[in-house]
Amino acid sequence: MINNINNSKGFTLIELLIAMVIFGMVIAGIVTSKSRQQDQGIGQQQAVEMQQTVRAVIYLMSRELRSAGYNPEFENHDTGITTATATSLTFNRVASDDGDNNDGDAETDEDGELETITYTFQDSDADGDNDITVEYNGGGAQLIAENIQNLTFGYFDETGTTIAVPVTDPDTVISIQIAVTATTDVNQLARSTTNNTRTLSTRVYLRNLSF
């Protein structure tokens, strides 16, 4: 019996240490793989969100810009673009049948009543990321797109020649190039990634100003 006890061997300290190291490496690999998968999922979700943001803001701005200078009465209401810079744009249109008091007086839908729209690139909510805002009739900026890295307006005359900004003679503008770059929210970055971006641009021809 004594011989049997002496011959019974357990794990040595070195063997235990080696087993612990191997087990730790396996766990670390599993955790790393899981983190990488989570980062990829976050990155894909952010890419979809950025793409949707860019498409939505381009659609909204293009639709409203096409109505710049709208003047169904063909009278001198001074409609069109009023201010044009690389990152902001103000224009107006006759809105005498929209049911709103656009000019802030006592009358609604009076003849020649103008609606004024301003797009601006700024950090509207002071969160460290720039945004795109729209303002109607001086009623205060409204946020329409967050986490925008860049917004650029380019202006062209009837010959297609680029007009220097800020535009000194807005009446010469016939088309506008809009370029929007959305970026990842800095508060939602994946661990192993940096800011991703999505850019979309389009050229809008101002049909009410091209004649």
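The values are calculated or read from the model by the stated rules, or taken from the named source; none is laboratory data. Being a predicted model, the structure only gives us computed values, none of them experimental. FYI the Cβ positions are ideal-geometry reconstructions off the backbone, even for glycines, and counts take in every protein chain you see.
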Exercise. Select, from ILE163, ILE174, ILE148, the only residue that is of a type in the set (A, V, I, L, M), at pLDDT 85 or above and within 19 Å of GLN51 (Cβ to Cβ).
Key: ILE148
Quiz item: Can you tell me which of ARG203, ARG191, ARG198 is basic (Lys, Arg) and modelled with pLDDT of 90 or more?
Solution: ARG203
Quiz item: Hey, any hits in the stretch 179-187 for a residue that's within 28 Å of ASP127 (Cβ to Cβ), surrounded by fewer than 17 Cβ atoms within 10 Å (Cβ to Cβ) and at pLDDT 95 or above?
Solution: yes
